Amino acid sequence: MAGDTHNKGYNAARRMLEAFASVGAETFDLTTTTRTGEKAEFRRLLTTARLSRMLRGLLAAPETTQHNVIVRPYSAGATG
C-alpha cells in the first residue's frame, strides 16, 4: 500500500516538472529543510532531466529523514 502512495507522489511530481518545462522552465533550484525549517540541502540550477532522475530518491527520503522538499523553477525568459 505504501508503494502505491509513493508511486502516486512520484507520478504527480514528474507531471509537475513536465508542466513547468512545457511553459519554459529551464532549470530548478532544490532545497530540503528539516521539520524545524532549517536548510538541510540546497542545489542550484538542476536541469529538468537531472531533477527527474533524482525524484524517486527525493520523495522516498522524507519518510525517514522527515525533510521537506522544495523545488523552484527558473527560466531565463521569465520576469518576476
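The values are calculated or read from the model by the stated rules, or taken from the named source; none is laboratory data. Remember, predicted model here, so these are calculated numbers, not experimental data. Positions of Cβ are backbone-derived with ideal geometry, glycine not excepted, and every protein chain shown enters the neighbour counts.
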State whether the residues of segment 59-67 include one that is on the phi > 0 side of the Ramachandran plot and in a strand (DSSP E or B).
-> no
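Please enumerate the residues belonging to segment 34-53 that are of a type in the set (Val, Ile, Thr) and within 19 Å of Thr65 (Cβ to Cβ). Talk me through it step by step, then tell me what you get.
The initial filter retains those residues of segment 34-53 that are of a type in the set (Val, Ile, Thr), namely 34, 36, 47-48.
Answer for segment 34-53, where residues must be of a type in the set (Val, Ile, Thr) and within 19 Å of Thr65 (Cβ to Cβ): Thr34, Thr36.
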For segment 44-80, the count of residues that are at pLDDT below 95, over 21 Å from Ser22 (Cβ atoms), surrounded by fewer than 16 Cβ atoms within 10 Å (Cβ to Cβ) and not hydrophobic (A, V, I, L, M, F, W, C) equals 8
Is it true that Leu45 is of a type in the set (A, V, I, L, M, F, W, C) and touching a Lys or Arg at 6+ places or on another chain (Cβ under 8 Å)?
-> no
Filter segment 1-34 for residues that are assigned to a helix (DSSP H, G or I) and either among the aromatic types (Phe, Trp, Tyr) or at pLDDT below 90 (or both) and give the result.
-> Ala2, Gly3, Asp4, Thr5, His6, Asn7, Lys8, Gly9, Tyr10, Phe20
